[in-house]
1. What lysines does residue 47 reach when the alpha-carbon gap must be under 20 Å and sequence neighbours fewer than 8 apart in one chain are set aside?
2. Taking the Cβ of residue 35 as the center, what net charge do the other residues with Cβ under 15 Å away carry, scoring Lys and Arg +1 and Asp and Glu -1?
3. For residue 75 paired with residue 24, estimate the spin-label separation in nm (one decimal), with each label point 7 Å from Cα along the Cα-to-Cβ line.
4. Between beta-carbons, use under 11 Å as the cut-off and find the net charge around residue 96, counting Lys and Arg +1, Asp and Glu -1.
5. Sum up the charges of everything whose Cβ sits under 11 Å from the Cβ of residue 66, counting Lys and Arg as +1 and Asp and Glu as -1, but leave residue 66 out.
6. Between residue 67 and residue 36, what is 0.36 nm times their sequence separation minus the Cα-Cα distance? Round to one decimal in nm.
7. Enumerate the whole-percent occupancy of each 10 Å bin, from 0 to the last occupied one, for all C-alpha pair distances of the range 33-97.
Amino acid sequence: MFLLATTSSALAATYNMAAPILPDPKLSPGDVLASDPAIICRSGHTKTVRNVPQSLKNQIYKEYGIISRLSGEYEIDHITSLELGGSNSAKHLFPVV
C-alpha cells in the first residue's frame, strides 16, 4: 500500500494526472484525410502527410486546458493513424501523456 501511494504521488508530480487520456468528442470529433486504399496503402504515404505544425499543437493543448507542460510530458496524437487515412486537422488530434 505504501509503495502504491508513493508511486502515485511520484507520477502525479511528474505528469498532470487530470490530463485527458481519450479524445474528447466535442473537441476532437475525428476527420479523415483519405480513405482510398490506392492512396493510403502507397509506400511512403505517411511521410508526405505527417506534418503537424507547432502552432496547431499549441492550439490543441490550449483547447484541452493544458496551459503548461514539461518537455516530453505530452504529445499530440491522431485519433486514427495516418496509415489508415487519418487527418492532421484539429478535429482529429488530441494530447496524450
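1. 57
2. -2
3. Distance between label points: 2.3 nm.
4. Summing Lys/Arg as +1 and Asp/Glu as -1 gives -3.
5. Computed value for this residue: +1.
6. Contour length minus the Cα-Cα distance gives 7.4 nm.
7. Distribution as computed: 20, 48, 24, 8, 0 percent.
A short reminder: the numbers here are calculations on the coordinates, not readings from a lab. Note that the coordinates shown come from a computational prediction; the quantities given were computed from them, not determined experimentally. Ideal geometry is used to build each Cβ from the backbone, glycine not excepted, and the neighbour counts take in all protein chains shown.
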